[in-house]
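Participant: Input: one structure, supplied below.
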Amino acid sequence: MDLTSYAELAVLLVNGELPDEGDLRAELTTVFAHAAAGREREAVELLNDLLTRHPVSPQISGHDGQRWHLHLSEGGVVMGLAAVVTELGVDRLGLCQAARCSRVFVDTSSNRSRRYCSERCASRANVAAYRARRRSGQ
């Protein structure tokens, strides 16, 4: 079972692309904020607390012509983030570095280089940096 897909669901939840039932969005946002600030212990402690409060309930599912596979309950998003943290590191949870963007992401790049939530934010930041260099050079 690929838990990274559940970590990506956590990203969608934090970024407001999935409905929030309760306060999970706010707490997951805090996990990402702690991770981005280098406060690993706080991020892990909050994840552990969330794992306790949102237990994983696996179920076997078969749909859309797929073979039998496991699906996880709401706790799956927390479990997905916990798996990323334990397998790849807390520093793989990030906040977009683009100006005026507060979205989060999971960095699954091989060289830990991701800094933006999307190609759109990366392009905007690169264009802004290019224009700033041109202005300062004139």
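The values are calculated or read from the model by the stated rules, or taken from the named source; none is laboratory data. These numbers were taken from a predicted model, which means no experiment stands behind them. Heads up, the Cβs are rebuilt from the backbone with ideal geometry, glycines too, and the neighbour counts pull from every protein chain shown. Protein only, heavy atoms only, side chains kept; ligands, DNA and RNA dropped before computing areas. Shrake-Rupley method; radii C 1.70, N 1.55, O 1.52, S 1.80 Å.
Participant: In whole Hz and in residue order, list the ³J(HN,Hα) couplings for the stretch 94-100 that follow from phi through the Karplus curve 6.51 cos²θ - 1.76 cosθ + 1.60, θ = phi - 60°; x for Gly and Pro.
Facilitator: x, 10, 4, 8, 5, 4, 6
Participant: Tally up the carbon and sulfur contribution to the accessible surface of the chain as a whole percent, 1.4 Å probe, everything protein left in place. Before the final figure, lay out the partial values.
Facilitator: Numbers: 4320 of 8750 Å².
Reported share for carbon and sulfur atoms: 49 percent.
Participant: Additional query: Ranked highest first by the average count of other Cβ atoms within 10 Å around their residues, in what order do 22-35, 50-63 fall?
Facilitator: By packing density, highest mean first, the sequence is 22-35, 50-63.
Participant: Sort by residue number and name the cysteines in the chain that have no neighbouring cysteine Cβ under 4.7 Å.
Facilitator: Lone cysteines by the Cβ rule: 121.
Participant: Sort the stretch 1-45 into rounded, prolate or oblate with this rule: let a ≥ b ≥ c be the square roots of the eigenvalues of the Cα gyration tensor; rounded if a/c is under 1.5, and if a/c is not under 1.5, prolate when a/b is larger than b/c, oblate otherwise.
Facilitator: Oblate shape, in that a/c is at least 1.5 and b/c is the bigger or equal ratio.
Participant: Restricting to DSSP H runs of at least four residues, report the calculated mean residue ellipticity at 222 nm for the chain, -39500 (n - 2.57) per run over all residues, nearest 500 deg cm²/dmol.
Facilitator: -16500 deg cm²/dmol
Participant: Then there is this: Select from 44, 127, 11 the residue whose mean-square fluctuation is largest in a Gaussian network model of the chain (Cα-Cα springs shorter than 10 Å).
Facilitator: 127
Participant: Skip the ligands, DNA and RNA, and give the accessible area per residue of the chain with a 1.4 Å probe, whole Å².
Facilitator: 63 Å²
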